[in-house]
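As structure tokens, the structure follows; a few thoughts come after it.
The values are calculated or read from the model by the stated rules, or taken from the named source; none is laboratory data. What you see is a predicted model; the values in this text were computed from it and never measured. Don't worry about glycine lacking a Cβ; one is built from the backbone with ideal geometry, like all the others, and counts go over all protein chains shown. Note: accessible area is taken over every heavy atom of the protein model, side chains too, but ligands, DNA and RNA are not part of it. Shrake-Rupley method; radii C 1.70, N 1.55, O 1.52, S 1.80 Å.
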Amino acid sequence: MTYHNKNEIIPQILSFAKNPLNIREENFNCHFLHTLKICLEAQSRENLENQDYLFQIDAILDYIHEELNTGHWSTVPLTMRENFTVSSYIKAVLMLKNPNELTVDSLEHCLKVIDLGLLLGAPLEENPELLMECAKYLQKEINKYHRDTLINVENKTQYEDHLHYYSNIDAIEIEALIIPSIETFNNKFFQLQIPVILKGCMDHWPASKKWLDVNYLLEVAGNRTVPVELGSLYTDEQWSQKLMTLKDFIKNHYLSESGNTGYLAQHNLFDQISELREDIRIPEYCCCSLNFEEAMEPDINAWLGPKGTVSPLHQDPKNNVLAQVYGTKQILLYSPEDTQFLYPHGETMLSNTSQVDPLNPNYIKYPEFKKATMFKGLLKSGEMLFIPLKWWHHVTALEKSFSVSFWWQ
Ligand SMILES: O=C(O)CCC(=O)C(=O)O
């Protein structure tokens with residue numbers, strides 16, 4: 001389908017670069033550096049007579065992609081990721097300036113390029129919002145041509161079927177409080193590092209209403225690319241991760257009954273899609289700290305999935321408020337003091353994950369597990385769970401569910 005606003009979209013996308021773009025020269029192959037400078041200069045030109053620049057920018061993106069996938073992510077120089085951001089933007093501009101007819105498909109392709117830039121790149125100091133603004137605008141333009149509307153599947157409560165099973169789990173119930181004061185939370189739970197369910201603390205979030213409608217998510221972000229975990233457990237051999245549009249994830253995994261489990265898990269969706277960030281609020285409880293010198297803004301992650309997703313028993317190095325926007329999750333917790341009974345995997349990548357399935361423990365293989373004390377809770381729509389630092393948690397979605405986690409020091 002032909003896209004008719006070519007003359008408007010190009011100046012709009014160029015206007016998102018509020019300051020001149022800078023290429024980072026450190027750690028960059030000099031051949032590609034030279035080519036990147038040529039492409040940067042080309043994208044600002046009024047008319048592009050040939051497509052060679054597109055091949056050149058693709059070669060640069062391939063080179064950086066290779067560099068980003070070599071070694072551990074934490075060792076990748078920030079400048080390499082910043083150049084990925086700049087290159088993704090240049091590619092998007094070159095695609096839009098292509099002298100051939102612009103179609104809605106090419107707009108969708110352009111949005112994928114921008115999203116990959118957001119997922120793998122790093123924000124630019126001189127233009128921190130660049131790719132976010134481009135993506136938001138492109139999504140709106142695509143919506144003008146075709147918008148998928150799904151029959152809204154009611155988020156029917158289903159966890160009642162599970163209550164009998166849940167009541168038979170031999171564990172201590174996690175304490176629950178209705179809107180405790182920050183002082184109560186800090187003195188009785190945070191400072192003592194005791195988990196607690198916090199009720200009634202997120203009714204004011206716009207997400208509590210807006211996200212119930214999948215069509216809202218599709219409108220704001222249907223064509224956006226997100227990472228999805230495929231397979232029931234991340235500890236399984238068959239488990240993998242795939243990039244796909246939110247629309248495909250919702251149709252093929254979230255709403256599908258095929259048993260093809262997909263989980264949009266532990267993804268910082270909110271640094272990628274600003275409209276969704278506006279729908280949530282950082283819980284005030286996250287201002288409590290064990291060490292104010294190390295206090296930082298929380299890491300915010302989205303967890304969207306169908307009934308049946310399972311996060312195996314694992315621990316994280318930060319305090320966590322897990323906020324349940326909708327759906328019910330069954331939570332099992334163990335104190336870090338019981339780590340000796342939980343048989344963490346030996347390998348470094350999985351050393352924060354237990355080998356034991358707490359719902360079906362193999363006591364012959366893991367006899368010490370009997371000594372661990374289990375805590376249990378049902379985390380329902382509109383409730384938050386405080387998981388103290390290093391507490392082991394096992395999470396099962398009993399219904400379609402959208403949670404947001406806030407990890408902080
Ligand atoms: O909700 C889940 O599936 C897991 C959440 C979790 O592990 C976390 O917030 O750290």
Sole miss for THR309 among (1) touching a Leu at 6+ places or on another chain (Cβ under 8 Å); (2) within 12 Å of the ligand (Cβ to nearest atom); (3) open to solvent by less than 10 Å² (accessible area, probe 1.4 Å) is condition (1)
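It is to be established whether one or more residues within segment 280-293 are without any contact (Cβ under 8 Å) to a residue 12 or more places away in the chain, within 16 Å of the ligand (Cβ to nearest atom), over 15 Å from the mean Cα position of the chain (by Cα) and open to solvent by 40 Å² or more (accessible area, probe 1.4 Å). Give the derivation first.
So in segment 280-293, the residues without any contact (Cβ under 8 Å) to a residue 12 or more places away in the chain come out as 292-293.
Narrowing the set further to residues that are within 16 Å of the ligand (Cβ to nearest atom) leaves none.
No - not one qualifying residue is present in segment 280-293.
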Taking segment 313-326 and keeping residues near the ligand (Cβ under 10 Å from one of its atoms) and part of a loop (DSSP other than H, G, I, E, B) leaves GLN315, ASP316, LYS318
Across (1) farther than 23 Å from HIS164 by Cα; (2) among the small types (Gly, Ala, Ser); (3) more than 12 Å from the ligand (Cβ to nearest atom), SER403 clears everything bar (3)
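Could you identify the single residue in LEU332, LEU385 that is part of a strand (DSSP E or B), in the same structural domain as ILE179 (by TED's automatic domain parsing) and touching a Phe, Trp or Tyr at 6+ places or on another chain (Cβ under 8 Å)? Talk me through it step by step, then tell me what you get.
Values: LEU385 fails: touching a Phe, Trp or Tyr at 6+ places or on another chain (Cβ under 8 Å).
The conditions single out LEU332.
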Residue set LEU119, LEU94, LEU124; condition within 23 Å of the chain's Cα centre (by Cα), assigned to a helix (DSSP H, G or I) and surrounded by 14 or more Cβ atoms within 10 Å (Cβ to Cβ); output residue LEU119
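Output yes when any residue across segment 253-261 is within 11 Å of the ligand (Cβ to nearest atom), small (Gly, Ala, Ser) and surrounded by fewer than 21 Cβ atoms within 10 Å (Cβ to Cβ), and no when none is. Outline the logic, then answer.
Here is the first cut: in segment 253-261, the ones within 11 Å of the ligand (Cβ to nearest atom) are none.
No, because not a single residue in segment 253-261 is within 11 Å of the ligand (Cβ to nearest atom), small (Gly, Ala, Ser) and surrounded by fewer than 21 Cβ atoms within 10 Å (Cβ to Cβ).
Looking at this structure, is LEU54 open to solvent by less than 70 Å² (accessible area, probe 1.4 Å) and more than 18 Å from LEU130 (Cα to Cα)?
yes
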